[in-house]
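Below: one structure, written as structure tokens.
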Amino acid sequence: MANENAAEKLQNIFIHHFNIKPDKFNWDIPLEKLNEDFKILSYLVFLEQLIQENFDNDIPVIENISTTFHSPKDVLNLIINKLDN
């Protein structure tokens, strides 16, 4: 249940803050393909800030995620692993 809640929170972050339409959101597509603005470092910084606020935890997205290769599923796995520790 906690994983489903985390997934829902993260999906809402992507949809509401990064102009990704719900019907275009896909857990397996690299971030840059979901929104090419993720090529800009400030987008990843903003994502990390939103995740830290919404999950009330210091989750190191910038150090662990490459927007070229990693997808929302990878970000979710990072969050879940951090919350489980």
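The values are calculated or read from the model by the stated rules, or taken from the named source; none is laboratory data. What you see is a predicted model; the values in this text were computed from it and never measured. Methodologically, a virtual Cβ is constructed for each residue, glycine included, from the backbone with ideal geometry; neighbour enumeration extends over all protein chains shown. The area values use the complete protein model at the heavy-atom level, side chains included, leaving out ligands, DNA and RNA. Shrake-Rupley method; radii C 1.70, N 1.55, O 1.52, S 1.80 Å.
Some points to look at:
- Entry remark, segment 1-20: residues being loosely packed, with under 13 Cβ neighbours inside 10 Å and either hydroxyl-bearing (Ser, Thr, Tyr) or modelled with pLDDT under 95 (or both) number 5 in total.
- In segment 36-61, the residues that are within 12 Å of the chain's Cα centre (by Cα), open to solvent by less than 60 Å² (accessible area, probe 1.4 Å) and either without any contact (Cβ under 8 Å) to a residue 24 or more places away in the chain or under 20 Å from Leu83 (Cβ atoms) (or both): Leu44, Val45, Leu47, Glu48, Leu50, Ile51, Gln52, Phe55, Ile59, Pro60, Val61
- Any hit, segment 27-35, residues being closer than 24 Å to Asn85 by Cα, open to solvent by less than 60 Å² (accessible area, probe 1.4 Å), touching a residue at least 12 places away in the same chain (Cβ under 8 Å) and of a type outside the set (D, E, K, R): no
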